[in-house]
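Notes follow the structure.
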Amino acid sequence: MYSLAIHGGAGTLARHQFTPEKEAAYHAALKEALEAGDSILKNGGQSIDAVEACIRSLEDCILFNAGRGAVFTHDKTHELDASIMEGKFLKAGAVAGVTGIANPIKLARSIMDNSEHVLLCGRGAEAFALEQGFRIENPDYFYSDLRYNQLMQVINESSAHLDHSVQLPPDEKKFGTVGAVACDVHGNLAAGTSTGGMTNKRWGRAGDSPIIGAGTYANNATCAISCTGHGEFFIRAVVAYDISCLIEYAGMTLEQACQKVVNDKLVKFGGEGGLIAIDTQGNICLPFNSEGMYRAWKSNESDTFTAIF
């Protein structure tokens, strides 16, 4: 059997702020991304390939805060983060603060497969990308009026903002760090996460998405996790690895561990967000402590499901 789940971000979402057209667009984008991974898994493919395929689809969609739809930094640029990990050998790759890379998850995969390192940052990561044959996109590729208007509303403030916290007209309130987790027919787990970070961020800020153990983790002995939310809290709580530890050392089920971390530990010190999780039995858990989380999931034994609230 196999199972697969994806997310497009979690945060303060209000149902009345979604027109039927906007809601349909999100559901369609989630379904398309999920099918990109499902087409690999149903043919006996590897979980790591399915995770990458799902996230690349979400990065290519301007609706989500990753890849093409990334938010602007204070300097009116785009700094992208991503990570990917497989559970059999605990191999991982990650990238932080890169510009011009259309699919940061692909670069993270290349770091995992083609270097001795796990995390590469900024200009060094971009130099590695060029050596690996990546194309550097023009800044116009990442431009959207929505993201630029979000920046303009807060550019004179000293703090960075989660993109869904910036007040926009109801039909333009969008956000979405993206991620995927998968269990393939061989029982191997994988996880990945990609993001454009926070609107108006400065000083090379990176959140939990490129940090193995915080925003992304996979281990065949326990589970695979991809997180979304306020990254600083997820780093401090080491969320992804904490769930794995509760399973491995405390004997919790996937559901018990996820609920403990997301709806107890994070809530107690103000951490908003959610995650997607999967174990080697193909069990899926998608907890969040915010008003909503863009998500989709399926297995070889079930239909495709998409949800926002």
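The values are calculated or read from the model by the stated rules, or taken from the named source; none is laboratory data. Keep in mind that this is a model prediction, so the values were computed, not measured. With ideal geometry, Cβ positions are generated from the backbone for all residues, glycine too; neighbour counts draw on all protein chains shown.
Out of the range 118-130, which residues are surrounded by fewer than 14 Cβ atoms within 10 Å (Cβ to Cβ) and either in contact with a helix residue (DSSP H, G or I) (Cβ under 9 Å, 6 or more places away or on another chain) or aliphatic (A, V, I, L, M) (or both)?
127, 130
Conditions first: (1) part of a helix (DSSP H, G or I); (2) surrounded by 20 or more Cβ atoms within 10 Å (Cβ to Cβ); (3) free of Cβ contacts under 8 Å to residues at least 40 places away in the same chain. Residue 58 passes all but one, so which condition is the exception?
The one condition residue 58 does not meet is (3).
Find all pairs meeting these conditions: Cβ atoms under 7 angstrom apart; at least six residues apart or on different chains; first residue within the range 22-36 and modelled with pLDDT of 95 or more; second residue of a type in the set (S, T, N, Q).
27/306; 30/306; 31/304; 31/306; 32/57; 33/57; 34/304; 36/57
I'm checking my understanding of the structure. Among residues of the range 72-105 that are of a type in the set (Val, Ile, Thr) and at pLDDT below 95, which one is surrounded by the most Cβ atoms within 10 Å (Cβ to Cβ)? Before the answer, list the steps.
First pass over the range 72-105, keeping only residues of a type in the set (Val, Ile, Thr): 73, 77, 84, 95, 98-99, 101, 105.
Filter once more, so that each one left must be at pLDDT below 95: 73, 77.
Working: 73: 24, 77: 13.
By that ranking, first place goes to 73.
Considering only residues of the range 1-43 that are among the polar types (S, T, N, Q) and not in a strand (DSSP E or B), which is surrounded by the fewest Cβ atoms within 10 Å (Cβ to Cβ)?
Just the residues of the range 1-43 that are among the polar types (S, T, N, Q), to begin with: 3, 12, 17, 19, 39, 43.
Okay, now just the ones that are also not in a strand (DSSP E or B), so 12, 17, 19, 39, 43.
Working: 12: 14, 17: 16, 19: 11, 39: 12, 43: 8.
The residue in question is 43.
Tell me, please, whether a residue that is farther than 24 Å from residue 64 by Cα, modelled with pLDDT of 95 or more, buried (at least 24 other Cβ atoms within 10 Å of the Cβ) and of a type in the set (Gly, Ala, Ser) can be found in the range 251-273.
Scanning the range 251-273, I find at least one residue that is farther than 24 Å from residue 64 by Cα, modelled with pLDDT of 95 or more, buried (at least 24 other Cβ atoms within 10 Å of the Cβ) and of a type in the set (Gly, Ala, Ser), so the answer is yes.
Taking residue 150 as meeting all but one of (1) in a loop (DSSP other than H, G, I, E, B); (2) at pLDDT below 95; (3) crowded, with 22+ Cβ neighbours inside 10 Å; (4) not small (Gly, Ala, Ser), write down the number of the exception.
(1)
Scan the range 209-238 for residues that are among the polar types (S, T, N, Q) and assigned to a strand (DSSP E or B) and jot them down.
216, 226, 228
Name the single residue, out of those in the range 269-304 being in a strand (DSSP E or B) and aromatic (Phe, Trp, Tyr), that is farthest from residue 58 (Cα to Cα).
288
Hey, residue 63 hits all of (1) closer than 24 Å to residue 201 by Cβ; (2) at pLDDT 95 or above but one; which does it fall short on?
Residue 63 satisfies every listed condition except (2).
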